[in-house]
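Inspection log for the structure reproduced underneath, given as structure tokens.
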Amino acid sequence: AVRHPAALPGLPRRLPGPRHRARARRGRPAPRHARMRPEDVGLSSDMPFFRNRDAPATEGTPAITHTTIYKSEKFSMVLFFLPTNAVIPLHNHPGMTVFNKLLIGSMHAKSYDWADPDDPPNESDASSADGQLRLAQLVVDDVFTAPCDTSVLFPTAGGNMHRFRAVAPSAFLDILGPPYSIEEDRDCTYYTDIPYSEHHMTSNELIGNEQEGRRLAWLKEVEMPRDLKMCSVRYGGPPISGR
Ligand SMILES: [Fe+2]
């Protein structure tokens, strides 16, 4: 069963689906996270996090700042600040549901789900000898500009593996349920994506039409990228009620 952060006031107890969206269109108030504004978490676009203080563009991607607004065993709320050109590399959210709300700015998002979520590659399988490549399906490849809808990803749908690149100074809120936890085997894994056409595995050979229709790519696990600069700051916005 999918676990989700039902304890947060204002979040829907059921995950939003087509019926929910239809209700919203008929005039019911949207859930609180959907109506959330930057000011609700103390944000304004002239905050120093958005400036590329560290280095000119020639010295790698700009540093990303994040702050944890709330964390419990069930879920966490984390704000991320990205100067222009900052990149959060392709990573996953194992067994997690994530509400992602862009509050300020404009970001390019690219996301994938496993093409075959129920069939993880077998380590001893000859077909996966080429460095643990696993077939994934493109879900989103688009630029989002605030204000925009909350996007939701699930353990095996909605784009569980994703990458963000800020095309303007940006801030977004992530609500992760349950949160990352090394003890509970929910650590973050990073990937690189390789075009489908660059690798051929006999057991996974697909005819051109299917490949085109499903927009496939190979994902390969990588170490956390060395040029990823993440700094954590204390949350300084309005307090979040524990009720
Ligand atoms: Fe993420």
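The values are calculated or read from the model by the stated rules, or taken from the named source; none is laboratory data. As the structure is a computational prediction, the values presented were derived from the model and not from experiment. Heads up, the Cβs are rebuilt from the backbone with ideal geometry, glycines too, and the neighbour counts pull from every protein chain shown.
Note on the range 180-190: residues that are part of a strand (DSSP E or B), more than 13 Å from the chain's Cα centre (by Cα) and either within 14 Å of the ligand (Cβ to nearest atom) or aromatic (Phe, Trp, Tyr) (or both) amount to 1.
Answer yes or no: is there a residue in the range 100-120 that is surrounded by 18 or more Cβ atoms within 10 Å (Cβ to Cβ), of a type in the set (Val, Ile, Thr), under 12 Å from the mean Cα position of the chain (by Cα) and modelled with pLDDT of 95 or more. Checking the range 100-120: not a single residue is surrounded by 18 or more Cβ atoms within 10 Å (Cβ to Cβ), of a type in the set (Val, Ile, Thr), under 12 Å from the mean Cα position of the chain (by Cα) and modelled with pLDDT of 95 or more.
Here's the yes/no breakdown for (1) more than 25 Å from residue 73 (Cβ to Cβ); (2) at pLDDT 90 or above; (3) touching a Ser or Thr at 6+ places or on another chain (Cβ under 9 Å):
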| position | (1), (2), (3) |
| --- | --- |
| 161 | no, yes, yes |
| 206 | yes, no, no |
| 213 | yes, no, no |
| 217 | yes, yes, no |
| 229 | yes, yes, yes |
| 233 | no, yes, yes |
| 239 | no, no, no |
| 243 | no, no, no |
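This table checks each residue for (1) under 18 Å from residue 214 (Cβ atoms); (2) modelled with pLDDT of 95 or more; (3) buried (at least 18 other Cβ atoms within 10 Å of the Cβ); (4) away from the ligand (no atom under 16 Å from the Cβ).
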{"residue": "98", "(1), (2), (3), (4)": "no, yes, yes, no"}
{"residue": "129", "(1), (2), (3), (4)": "no, no, no, yes"}
{"residue": "144", "(1), (2), (3), (4)": "no, yes, yes, no"}
{"residue": "166", "(1), (2), (3), (4)": "no, yes, yes, no"}
{"residue": "178", "(1), (2), (3), (4)": "no, yes, yes, no"}
{"residue": "198", "(1), (2), (3), (4)": "yes, no, no, yes"}
{"residue": "203", "(1), (2), (3), (4)": "yes, no, no, yes"}
